[in-house]
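Worksheet for the structure shown next.
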Amino acid sequence: MKSCRGARTAVIVGAGVAGLTAASALARRGWRVEIAEAAPATATSGWGLCLTGPALRALDELGLADRCLAEGYGMAGITHVDVNGESADRVQLPRLIGAERPAMVGMARPVLHRILRETAERSGVVVHYGMTVAAVDQEQELVRVRFSDGTVRQFALLVGADGIRSSVRALLGLATSLDYHGQMVWRALVSRPPWATRIHQFAGEVNTAGLIPISGSQAYVFLTENGVGHSALPDAELAPRLRQLLGAFPGRVKEICPLVSASESVVRRPVQTALLAGAWNRGNGVVIGDAAHAPAPQMASGAALAIEDGLVLAHELACHESVGAGLESFVNRRARRCRTLVQTSVAIVGLEQAQHHHKAYPLVNACHQQMAEPA
């Protein structure tokens, strides 16, 4: 196994968006790929997400864009609404997969995971559920991996796609901080109001709220709660508290409150970011997706970066004789783009907290235009 063009074996830790995309992209280029996923096969994942133009462009390369559009809700852009309930700004996002197809799609996260998982399995990828990696050793041009079930095996490539709290990142000796930004983000799955045909974001006197359609019948509400500590609330308090916070907004947000009452899914999570400032790789191991660059949700582009990572990783490995050289080229190609997105998302958090929404709107638009450039 002298090069990545020889016996190409890979283990990916994490069967999320980044891991499944990377698995399919590698398998299509002849790699034998396995995934270790700590959660059980029956676990569901989250509520909804946006696939912006860069995500659709990458998925189109895998032949999946139209399927995601069919099972989600296609949109053209974002409507920003000011504190008085009046339209303040409209962002038309770039249509990166053709003028006749939407600029982005909102969809249920479990639906996207199902599509990505089925695609990976059809490509020959084997997923081991209830398993993770306990230890890693570099052995010349191989990675020796000890799994949580005690088995030990060797691979040509180890990919950590295990999220913002990545254990693989630590096992590879790659250190970064998790930064909390004084916001808790709420989300609730609701019935889609007829007027919700694009992303709507509402500026409030204190907080920011919004609605994103994810199918013809469903949408999810989000609210970013400012100036709060990193804390937890009992499940029974979530829906009443979210209704209370939404009640401070004028106009259409008030229409959302009864929908939240009927929702069976309300969650509250801290807004945290992570960014590896140096290398994302060590030896024949690398981290991708949120394990390397986790943005705040304000740019709705975390999934786009994760999906791009998987395709670019497979491309760069195919272009180099050794895995190490391919990984270095991958990181060099991705670092600036991902850093810009994370830093922009953090800047928008600060503008929201300062109630400078009018300054955030052009920043959102400019970043989406920059993300439209090739990955």
task: Say whether the condition of being under 22 Å from the mean Cα position of the chain (by Cα), in a strand (DSSP E or B), of a type in the set (A, V, I, L, M, F, W, C) and crowded, with 21+ Cβ neighbours inside 10 Å is met by at least one residue in the stretch 143-151.
output: no
message: For A196, only one of the following conditions fails: (1) outside any loop (DSSP other than H, G, I, E, B); (2) over 21 Å from the mean Cα position of the chain (by Cα); (3) among the hydrophobic types (A, V, I, L, M, F, W, C). What is its number?
response: (1)
- prompt: If a residue has to be among the hydroxyl-bearing types (S, T, Y) and touching a Lys or Arg at 6+ places or on another chain (Cβ under 9 Å) to count, how many in the stretch 189-220 make the cut?
  reply: 3
query: Residues in the stretch 164-181 that are part of a loop (DSSP other than H, G, I, E, B) and either hydroxyl-bearing (S, T, Y) or more than 19 Å from L327 (Cα to Cα) (or both): how many?
result: 6
- request: State all residues of the stretch 208-221 that are crowded, with 23+ Cβ neighbours inside 10 Å and assigned to a loop (DSSP other than H, G, I, E, B); if no residue qualifies, say none.
  value: I214
- prompt: Name the pairs whose Cβ atoms lie under 7 Å apart, with the first residue in the stretch 224-246 and within 19 Å of A209 (Cα to Cα), the second among the hydroxyl-bearing types (S, T, Y) and part of a helix (DSSP H, G or I), and 6 or more positions between them or separate chains?
  reply: A239/S261; R243/S261
- request: Hey, can you tell me all the residues within the stretch 222-240 that are surrounded by 18 or more Cβ atoms within 10 Å (Cβ to Cβ) and within 16 Å of N207 (Cβ to Cβ)?
  value: F222, L223, T224, E225, N226, L238
message: Return the residues of the stretch 50-85 that are farther than 13 Å from I97 by Cβ and of a type outside the set (A, V, I, L, M, F, W, C); say none if nothing qualifies.
response: E71, G72, Y73, G77, T79, H80, D82, N84, G85
- prompt: From the residues in the stretch 268-294 that are outside any strand (DSSP E or B) and either among the small types (G, A, S) or surrounded by fewer than 24 Cβ atoms within 10 Å (Cβ to Cβ) (or both), which one is nearest to the chain's Cα centre (by Cα)?
  reply: G289
field: Which numbered condition R117 fails, given (1) in a helix (DSSP H, G or I); (2) surrounded by fewer than 15 Cβ atoms within 10 Å (Cβ to Cβ)
entry: (2)
query: Based on what the data block shows, is T79 out of contact with any helix residue (DSSP H, G or I) (no Cβ under 9 Å at 6 or more places or on another chain) and within 17 Å of I212 (Cβ to Cβ)?
result: yes
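Here is a yes/no grid of residues against (1) β-branched (V, I, T); (2) at pLDDT below 95; (3) within 30 Å of M75 (Cα to Cα):
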site	(1), (2), (3)
V125	yes, no, no
E141	no, yes, no
R165	no, no, no
L171	no, no, no
Y180	no, no, no
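The values are calculated or read from the model by the stated rules, or taken from the named source; none is laboratory data. These figures come from a predicted structure and were not determined experimentally. Positions of Cβ are generated from backbone atoms using ideal geometry, with glycine treated the same way; all protein chains shown enter the neighbour counts.
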